[in-house]
Each structure stands twice: as structure tokens, then as C-alpha cells.
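The values are calculated or read from the model by the stated rules, or taken from the named source; none is laboratory data. Everything quoted here is computed from the prediction, not taken from an experiment. When we count neighbours, we look across all protein chains shown, and the Cβ atoms used for this are built from the backbone with ideal geometry, even at glycine. Surface accessibility is based on the protein's heavy atoms, side chains included, excluding ligands, DNA and RNA. Shrake-Rupley method; radii C 1.70, N 1.55, O 1.52, S 1.80 Å.
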Amino acid sequence: MTLTFEQRHHRNTTAFAYRILLPSLAFVLIFIGYPLVYSIWISFQDFKYGVPTGNVIWFRNFLDILTSSTVAPQFYNSLLVTLKFTVVAVAAVVIISLGIALIINERFRGNDLLKLALLLPYAIPGPVNAVMWNWIYDPTFGVLNGLLYQVGFIKEYFTITGNPDLALWGIAFAYIWKFVPYSTFLFVAGLSTIPQSVYEAAQMDCAGTWRIFRKVTLPLLMPVLQMVLVIQTIFALLMHFGLVFVLTRGGPGNATSTLAWLIYNESFTFTQFGRGAAMAIMLSLIMIVFIYLYLVVLNPEKRSARTQGA
Amino acid sequence: MGFLKLEKITKRFSGSLAVDHLDLEVEEGEFLVLLGPSGCGKTTTLRMIAGLEVQTEGKITLEGKDISDSPPERRDMAMVFQNLALYPHMTVFDNIAFYLQNIRTPKETIEQKVRQAARQVGIEEFLTRYPNQLSGGQRQRVALARALVRCPKVFLLDEPLSSLDAKLRAGMRSELKLLHRNLSQSKERKGTFIYVTHDQVEALTLGTRVAVMNKGNIVQLSTPRDLYNKPRNLFASTFVGSPSMNLIEGSLERENGSAAFIFQGNRIALGEIGVAALKRANRAQMPAILGVRPESVKIASPGMTGALAAQVVTVEPLGQNNLINLQVGDRMLIALVSPDLAIHEGENVNVCFQPQATHLFDPQTEENLLG
Amino acid sequence: MLANTISGRRWRKQLLTLVATALILIYILAPICWAIVSSFQKESALEDRPPHFFPTAEIFTLSHYKFIFTGQIDKEATTMIQAQYTMSGTYILPGIVNSIVIALAVTAINLLFGLPAGHAFARYQFWGSSQVFMGFLVTRLLPAISIVIPMYILLQQFDLLDTKRALVGIYSAITLPFTIWILKAYFQNIPVEYEEAARMDGCGYLRTMWRVVIPLARPGIIAAAIFAFMAAYDEFVFATVLTSSLNSKTQTVIIAGLAQGLSASRGLIAAAAVVCFLPPVLLAILFRKQVVQGLTTRFA
Ligand SMILES: Nc1ncnc2c1ncn2[C@@H]1O[C@H](COP(=O)(O)OP(=O)(O)OP(=O)(O)O)[C@@H](O)[C@H]1O
Ligand SMILES: [Mg+2]
């Protein structure tokens, strides 16, 4: 007796589930899984003018990146730049968004407007954001210079993206502006799970505003805070690419040459695909640590179940 | 041959055994109640009948055909869920009509059948509303109408009244009973009901037969009257009846042609019942548990032979009856007596039971010694 | 006395909140406002020091927008600016069209495949379910830059560079895990009994999905669709590497390129920025409830 489609489904959910997952799995395996594996093979190869020389040089690219006198300094510089950027961007995003979230949590009339406004930076595409800030930072006609000059803060127009000491922070400022809303929404959601009665109890105990924040809000917000820290780190390691591309192209010198930019430049300007792939693998390894922290140690699946239950 | 038959049905959930080799036969037109404590596998059994859960082992047949492999939509059964599960995005009319629409019934037939079903449960005026605009009782009726409109082979109901308050529940209970009576007398397809509950009052009032379940199996399947009067084992005897049956551990002994139950130096003459139990076990003396329902515990006049000396601990007036906690030796007994009887706390009384109102169980197997 | 201090404190607190809100609003809105204001100013006005913070009548112009949408250049524009316009300005609209076409295709694929997949993860217990799900989550977080190199080489081999098809495939692969994730979360919050009731009411899998699951999950589905659309519309790393002509160049690539050209008109860039961010911004505002809810269903 042949079984109908429904009958087979009825008996064997595993087969049915995989049939449903098949297209999604295919997309991910073909467009992410296979290239990922292929990139390892690329990283073992030697490239000249964008074509493989046919020499399989195994870990030579990795060694070059870490030790050779030409690439290694660039790589370590990029590591440092990326580290500086990530630390500052993540810290600033977390502090600013937590502050905004606390104000939204005050539940006054203006906070709907605030929430609406926050959607704008979130929705603006990265390169468009970069272009907007490029115009704001413009060293000859930019509005930032104009404003600072008007209020007498500066005597002369100055460049941000052309100054090795400022360029990275110019990028960071634009980055922070775009990424604050997302964590703000997470913090607002987290704060809304803290019952009002907890605050009232703390007030009865004569705790001041700061003390309440330190001793009540912050501990209760800890799970969300950890989550935001890790996810923002994952974002910051990569999502600045459009800004670097438009505002500085890694410069001046290599003051803003982050890992992401270095990989792009190495691969698509110098067509050293093997070396680029090797660097990309190293960046992925760094990210895996945070992804592991995020998915396994913090586990959003379990956590959200807890907060939703509360 | 049974109308619906479950043969050696087993359900395992990742290691834990929810239903264990359960056999059950349901006749057409009957109202079978699955009764049991929480977690005993009632819902799981019902869901396997529905096809919402696939049994790990065993076979389910309906009208002689094996339906083990049929998905729920092919079994022609209707289900009333514990949380009702009325489609929140559809009007009451569409909720009731959904099945008929799915099997492509002509519009006029749908209209007519939905109205008829709605009339049967008295919700005709709500047909254009959405479920969230109805009261709990009205929703309950919609859920019933949704099942009724289909004339399914089997109605499956999983604690459908548990979300209602006590008064509404009693009302719906009688309506359900009436509904089943009408359906079971219908000519074409008799309404066959399988009803899950852990409320014994529902079970005893609604069921034509009651299956008491424990730990994934049926421990007794009988008419409500038999279930109450002839519990087959300790579990059924204590689970059914409120307050539950008094149990006394002791031993059953033959004494010159008759038999008596002895515990802590007390002696209760059991006459023929005791003799029959001993004969059945083929022994002259054996450990046993004596069970007696609270309403069969009688307060005797002092000095009556065969009576037990007892002290009244508390008297709880329940309105219709007084519930009396008695101490006999170091055992507590519960008696239900008429409030007319003047009994006071601390008083010493004598109690006795009619032998025919007692039950005897084997302490090892927990089975009724008289079968 | 006590009442006085309490009301005084409350008043002070309200004032503080108000001031803080105003400052935050300025922080958020000022960059956007400046882009909008600039886009309505004549090129010559944009080169004034100090800048004009409001487009007054003398400096107001619609010529940048007019050029983007019609390709016509106002007579008043100088020849130099004309040259700057024609170089890159005409690509903006095709770029946006490319982006929207790609994003719509990606959204459709996400709904067609990601919706049932999210549902399967939420509803079926099957062998390997949690491992496969974790696999999806990991791919969502992996850096795009680590697959852009092999992707470039592979597409070159298959002669698929500079095609919309390639971008649609990649973006679908990137967005599907997130779609599956938030839809799974959404389905898990809907009681399963509605679906079971539908099965009892004679619906097979497809009809249950269509008549019960999808209507009940509509807010979650809208959120997932918007996220997929925005992610595809915003993507830059792959787009900049894998496209080379108007055949497939997306608005992100066009506008980034526009800003690179030293000669491009500043007003035109500002107008292009506004036109480019309008689609996702309007979507986000229109469906703000679903977007915010979707962002916070799971903390990612
Ligand atoms: N989906 C499931 N996964 C794992 N275990 C389950 C599942 N469903 C039920 N069980 C287990 O199977 C046993 C029987 O459950 P079932 O729901 O049938 O009980 P029940 O008799 O209906 O109880 P209640 O009166 O509380 O509804 C329980 O121990 C339960 O924990
Ligand atoms: Mg149950």
C-alpha cells in the first residue's frame, strides 16, 4: 500500500521537517557553507595578479601575515585599530543607549516621539549614513566646521577624516549614531520587564536615584546588558566597513585600516586573494569567540523564554 | 466488534512513558469518560485517537479500518480543546463553518447547517461576532457547535468545562448530557463521545461508561454505578468518591463458618463477603485492606455487638451532611451522617458498617479480593 | 512642607527629562535634517561659509531631485555642475530600482522558504533540530567579509558576476537564518491548538498554513519581511565587490561611489542620500510596532 503525502508526514516528522527546511538549507549551504569551506582552500594558495599561480603553499599566507616584514605590521596595525574602534564604539553605544532607554522608561508623553525618531538611524542604510557624515565632516564647507566656527570654538576649518588622530573617531561617531537605536530598543524591552513595584520598594527604603540604578536596575538588567555587549561587539567588528570605505578608505596612512578594510584592500585592490582569505579566516576565528559567547554561554533562546515568562 | 478500538497503544515521550499498552474499545453512540489524576495520560490517549500524536506502538481501528497512519484531517473526528482554540481571526459563523468550507460544502448547506448547530447550543445571535467578544460560556458553546456541525464519527473532548466557573459548569454538564442523549438516538450517525476529565462528578454524571486511568493505563472500565459500588482496586476505590473511601489495614480470618476482619484487637464481622473472599484466595487467614465509604459508616447505639468504640474528633457541617472525623484506636475514619444526629466533638460513640457496604483489597496486588 | 518638596522634586525631574529628550532628539535628527536641508539648496549656496541652516527662497531649489528623477538639468546650473551631474547622477534611480527589485525578491524567498522553516522549528520535534537551528544562527553572525572572497572567485567561474541573481541568492542565504529565528520565536508564542483544531477541521498542511498559521502570525511575518527587505536593501560589502555595472549595482554602491568622486555635486549627493533612505525609513515608520516588537522578540 502506498502512503499519501500526509500519511508519510504523519508518521515521520523528521523526514517532513527536513523536506520543509531543504530550500533554506540549500541557500545557506550553497551561498555560505560552500564558500566558507572554499575560502580555506583559497587561503592555502598563492595568487598573482588575481589568479592562482597553482602553487599550494599551505599555511604560508598565515605565516606571512603574522611574521613577514611587509604584511605583518599592517596586520598588527589593523588589529590595534579594530580593537580601539570596537572598544570605544561598543562602550559608547551601550552607555548612550542605556541612558536613552532609561529616559524612555520614565513613561512621559514625549517618549513615543523618541522611539519614532530612533527608528530613523536604524533604518538608514550604512553607505547612505556614511555619505551623510562625509558631508557633515566636509573640511571646506561642512556643517560641523561651520557650527564650531560660528560659536567660536575653532579659529579655522579643520579636517576630521584627513587627520590621522581624528579619523577613526569620526568614523566611530557616525557608527555610534547609527547603532544606538538598536540597543536602545533592547534595553527598553529589558527595562519593561522590571516591575514597577521593585522601584517603589527601593524608594520606600529611601534609596536615591543613583543608588536605585546601581543596586536595582543594573543587576536586573544584567542579562540584557551582557547580550547587548556581545552582539554589539560582533556588529562593531564588521559593520563599520561602509563608513571606512566612504569616509577614509583606510587612511590617512593606515590610521583607519581596520581588519575588515585590510581584508578588502588586500583582496580587491592588491588582488592577493590567498592572503585576504587567510586574514578573513583569522577575523572569523576572532568572531567565533564572541558568537560562542553569545549563542552558547548567554543563549538568547533560553533567556528570552525567561524574560517572557516573567 | 468495537466501533473504535485501541490495541496495545503505547506512547513514549523522549524516555518517559505516557501511555503504556492501553487497550480500549468504544461502542458507537456511547459516552465514554477517561478519568484520572493529572499526568496519567488522558490527554495523550485522546490525542492519539485524534491523530494529533502518533503512538509509539499499537494500533487504532475505527469501524474495523486501521487508522493508525491517517493524519488527523482524515479521521473524521471532532475535538473540543481544553482552551477551546476558537480561531481568533474568524467570526463565530466562520469558526463553525470552517470544516464544511474545507470539505467544499455548497454555500446554502453551510448556512443551514451552521444555523442549526448554533441553534442547538443557543448562540444564534452571536454568529457575526469574533470569539474575543464573547463570554466564557458563550465561547464554550461555539466550540461545541463547531464540533456538532460536522456530525463526526467521534467527538473528542479534553476537559472542555474546566475553564468555566462552578455554576456554569454544572449547567453545561446537563446540556452536554441532553445533547448526547439526542444524538445517540439519531438515526444516521449516533454521537459517540470520548470525554477527558479529572473531575469525578463530571465522569459519574456524564459517562455511560467510565475508564479510570492511572500511570498510563486503564485500571477500571465500567458503568459509573459499578465504578462506585464495585471498585476493582485500591486506586479506583480511593480516586472515585468524595470524601474518599476509608481504608483500614488488618487481616481477614475465618472463624467457625463465618469470617471477620481483625485490626488492632478490633473485630468486624463480615459474614458471607469475608467467606467468599477467603474462599477465592483459598486461604484461611490473610492480610487485607478493608474499605468503607464514609456514608456507609454508621453511628451505632452504645453497647451494640460488633461495633467499634470511637471518639469524635471534629464535626464539619457540609449542609446536606455532617462530616465527622473519628478516631478508632490510632486510626482516623471519616463518616458522613445526617445533620439531625446530635454528635459533639470529644464524644465517645460506637460505629459499625454493614458487611455488604464494605470492600476488601489485597494489600500486595491492591486488587479487590472479590474481583 | 512634605508635599512641597515632593512636587518640587517631581517638577525638577520632569524638567530634566524634557531637556534630555530634547537633546536626544537633536542628536538623532540633526544629521538627517542637515541632509534634507542641503538637498534643497543650490550648489552655490552649499559652498557658502557659514552654511545656511535653512533653505531660504533665494537658495531653495528642487533641481537636484528633478535631476535624479528626470535627468533634466536646470538652466540656472553652471556648466561645471552640469558636468558633475551627468557623470554619476543618472545612476541613482536605476541603483534604487535594482536595490528594490533585489530586496523584494529576497523578501519573497524569505517568506516562501523561511516561514515554513521557522514554523517547522517551532512545531516539530525532529532529529537534529536544535543542531541545525544552531547552525543557522551561527551563519547569521559570521562576517560577510569572510565569504566575499571565495564568492567573488566562484561567481567569476560561473560567469555570474554583476548579476542580480547572484546578489539575490547571497542575500537570501544571509537573511534566511534571521527570518527563521524571529518567526520561530513568534510561532512559539501562538498556542499550537489553533493549528491542531484546523487539522481536526480537515485542513492539510498547506491549508492549515494558509488559513490559520499565517493570519495568526501576521505581525511577526510583517516584521520578518521588513527585516529581510531592509537587510537586502542595505547590504554593501557583497554589492561593492560583486557588481560592476548598472546591470546589478545597488543604491549602496552607487551612493558610495558618488561620494568618492571629488567632482560630484554636493546637493546632488544630499538629495541622493534622501531618496535612498526614504524606502526603508518609510517602511520602518509605517510598521514601527512590528519592527520594534520583532527587534526585541529575541535579543538579537
Ligand atoms: N509533548 C510531550 N513531551 C514530553 N512529555 C509529555 C508530552 N505530553 C505529555 N507528556 C507527559 O506524558 C504524561 C501524560 O501527559 P498527559 O498530558 O496525557 O496527562 P493528562 O492525564 O492529560 O494530565 P492533566 O490532567 O494534567 O491534563 C505526563 O507525564 C506528561 O509530562
Ligand atoms: Mg490533559
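Just a few scattered comments:
- Diffusion coefficient of the range B:39-146 by Stokes-Einstein, Kirkwood radius over Cα pairs, 10 °C, 1.306 mPa s: 103 µm²/s.
- On the beta carbon distance between B:Glu124 and A:Phe108, with R0 = 35 Å, the FRET formula returns roughly 0.10.
- Considering only the Cα atoms of chain C, their convex hull presents on average a projected area of 24.7 nm².
- Counting only Cα atoms, chain B measures 78, 45, 41 Å along its principal axes, largest extent leading.
- Helices in chain A that qualify as membrane-span-like (whole DSSP H runs, Cα extent of at least 30 Å along the helix axis, mean Kyte-Doolittle hydropathy of -0.5 or higher) are A:71-104, A:167-192.
- Across A:Pro23, A:Pro35, A:Pro181, mean-square fluctuation computed from a Gaussian network of chain A (C-alpha pairs under 10 Å connected) peaks at A:Pro23.
- Cα-based equivalent ellipsoid, chain A: semi-axes from gyration tensor eigenvalues, Å: 38, 35, 18
- The relative contact order of chain C, computed from alpha carbon pairs under 8 Å that lie at least 6 residues apart in sequence, is 29 percent.
- Here is the P(r) of the range C:172-268: all C-alpha pair distances, binned every 5 Å from 0, give 2, 11, 16, 13, 13, 9, 8, 8, 7, 5, 4, 2, 1, 0 in whole percents.
- On Cα atoms only, tilt of C:79-88 relative to the major axis of chain C in degrees: 20 degrees
- Other residues whose C-beta falls under 10 angstrom from the C-beta of B:Arg47 contribute a net charge of -1, scoring Lys and Arg +1 and Asp and Glu -1.
- For chain B, the longest principal axis of the alpha carbon atoms and the long axis of helix B:107-121 meet at an angle near 20°.
- The label-point distance for A:Leu79 and A:Asp46, in a model that sets each label 7 Å from Cα toward Cβ, rounds to 2.6 nm.
- FRET efficiency, B:Glu367 to B:Phe13 (Cβ-Cβ, R0 41 Å, nearest 0.05): 0.90
- Ratio Rg/Rh, restricted to the protein assembly as shown and using Cα atoms, in which Rh is the Kirkwood radius: 1.11
- All Cα-Cα separations within the range C:108-229 were binned at 5 Å from zero, giving a P(r) of 2, 10, 18, 19, 16, 14, 8, 6, 4, 2, 0, each value a whole percent of the pairs.
- Unsatisfied cross-links (Cα-Cα over 18 Å) in the set B:Lys5/B:Lys59; B:Lys177/B:Lys215; C:Lys42/C:Lys66; A:Lys115/C:Lys289; C:Lys42/C:Lys249: B:Lys177/B:Lys215; C:Lys42/C:Lys249
- Count Lys and Arg as plus one, Asp and Glu as minus one, and take only other residues whose Cβ is under 12 Å from that of A:Met279; the net charge is then -1.
- Spin-label pair A:Tyr157/B:Lys59, simplified geometry with 7 Å Cα→Cβ offset, distance in nm: 9.1 nm
- Nearest-10 value in Å² for the accessible area of C:Lys66, using the 1.4 Å probe: 90 Å²
- Cα-based helix-to-principal-axis angle, B:166-184 vs chain B, degrees rounded to 10: 70 degrees
- Distance from the alpha carbon centroid of the range B:1-56 to that of the range C:236-300 works out to 58 angstrom.
- Using the Cβ of C:Asn247 as centre and a radius below 15 Å, the other residues enclosed give a net charge of +1, where K and R count +1 and D and E count -1.
- Percent of Cα pairs exceeding the 23 Å cut-off, where the set is the range A:49-195: 58 percent
- Here the contact order of the range A:212-291, divided by its residue count and restricted to Cα pairs under 8 Å and six or more residues apart, works out to 25 percent.
- Solvent-accessible area assigned to carbon and sulfur over the protein assembly as shown amounts to 59 percent, based on a 1.4 Å probe.
- Spacing of the two label points (7 Å from each Cα toward its C-beta) at C:Lys13 and A:Leu293, in nm: 3.5 nm
- Residues of the range B:153-192 falling in the label zone of B:Asp199, defined by backbone nitrogen less than 14 Å from a point 7 Å along Cα to beta-carbon, are B:158-177.
- With loop membership from DSSP and a limit of 10 other Cβ atoms within 10 Å, the longest segment of chain A without trypsin sites (Lys or Arg not before Pro) is A:156-310.
- Partner aspartates and glutamates whose Cα lies under 14 Å from the Cα of B:Lys8, excluding those fewer than 8 positions away in the same chain, are identified as B:Asp20, B:Asp23, B:Glu25, B:Glu57, B:Asp66.
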